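The values are calculated or read from the model by the stated rules, or taken from the named source; none is laboratory data. All figures in this text were calculated on a predicted structure; none of them were measured in a lab. Cβ atoms come from the backbone with ideal geometry, glycine included; neighbour counts cover every protein chain shown. We work out accessible area using only protein heavy atoms, side chains counted, and drop any ligands, DNA or RNA first. Shrake-Rupley method; radii C 1.70, N 1.55, O 1.52, S 1.80 Å.
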Amino acid sequence: MELITPEHVQTYVKSLQEQGLSAATVKNDLSAINTTMRLATGDRWQPIEPSGLGVPKRSYVRQTVPLGIDRALVAQSQSRLDDRGAAIVGLARGLGLRAKECCLLDAKSALRQALTKGEVKIVSGTKGGRVRTIKITNDHQIDALKAAAGVQKKDRSMVPAGMSLKAFRPQLDRIRQAVKEATGGQSLHSLRAAYACARYQDHTKVPAPVIAGSRLVSKALDHDARLKIARELGHGRIDVVASYVGSAR
């Protein structure tokens, strides 16, 4: 490591860019290198800034349509998995849950809530411990919960009894890979974006900006929809919704 120079890092970053990796990935790798070298050299390492290497600014506004909107592609990813994995994919698309939330969901309890109250309370695995409620608005959500409850059986969550979430991660990696293969490289998180786009259309009666190409409703109606979606996704800031449904401009 003593022989590593800034020039080596610059060459490495350029090779990542030539591979067509996203700006976010390149920046994350560069940040890891800067941190490691600073720790290894006793703060003698001068951080290399991505802007100085021509890495574009990271955009937090979604530019690509989440292919999970197409339920046929969701079904394709599910067909590559066992019943438990397929159920987790269904929860991500049907309820817009994060991967950790899908894994820790008590699907049997959630199904009872959906059938009796028309909503589901998400408690376990939430970011920042923020509990939220998701409204049940269509049969796809009920079907996803029924499938998950059937797989869960006597377990307390979607993670098999006697297994920790950490031990379950290899299965989660297989789920992510199945979604990537079915959607041409999109992530499990893109199913959450597909849910958000569907909810945007529910609230506004028009497609989300990332699908339509621009905002089709008034700023007031768009803002109201984003506020509701932010709450449904468990985010504290409305501007984060742009990373799911596209620009508000």
* Surface accessible to a 1.4 Å probe, per residue, for the residues of the chain, Å² -> 54 Å²
* Which sequence of Lys219, Lys27, Lys180, Lys135 reflects their accessible areas, 1.4 Å probe, from the largest down? -> Lys219, Lys135, Lys180, Lys27
* To do: Specify the inter-centroid distance of region 1-68 and region 120-177, based on alpha-carbon positions, in whole Å.
  => 34 Å
* Asked: How much accessible area does Met37 have with a 1.4 Å probe, in Å² rounded to the nearest 10?
  -> 10 Å²
* Any lysines with Cα under 28 Å of the Lys14 Cα? List them, leaving off those in the same chain fewer than 8 positions away. => Lys27, Lys57, Lys180
* **Translational D in µm²/s for the chain (Stokes-Einstein at 25 °C, 0.890 mPa s, Kirkwood Rh from C-alpha pairs)** => 123 µm²/s
* Pick from Ala193, Ala167, Ala149: which residue has the top mean-square fluctuation in a GNM of the chain where Cα pairs under 10 Å get a spring? -> Ala167
* Structure fact -> With R₀ set to 22 angstrom, the calculated FRET efficiency between the beta-carbons of Glu119 and Gln201, to the nearest 0.05, is 0.65
* To do: Compare the Cα positions of Ser15, Leu221, Leu165 along the charge dipole of the chain (+1 at Cβ of Lys, Arg; -1 at Cβ of Asp, Glu; about the Cα centre) and return the one farthest towards the positive end.
  => Leu221
* Between the helical axis of 83-95 and the dominant principal axis of the chain, each derived from Cα atoms, what acute angle in degrees is found, rounded to the nearest 10? -> 90 degrees
* To do: Just tell me which aspartates and glutamates come within less than 13 Å, Cα to Cα, of Lys146; anything on the same chain fewer than 8 places away is out.
  => Asp83, Asp106
* To do: Compare Leu3, Leu53 by solvent-accessible area with a 1.4 Å probe and give them largest first, with all protein chains kept in place.
  => Leu3, Leu53
* **Percent carbon-and-sulfur accessible area, the chain, ignoring ligands, DNA and RNA, probe 1.4 Å** => 52 percent
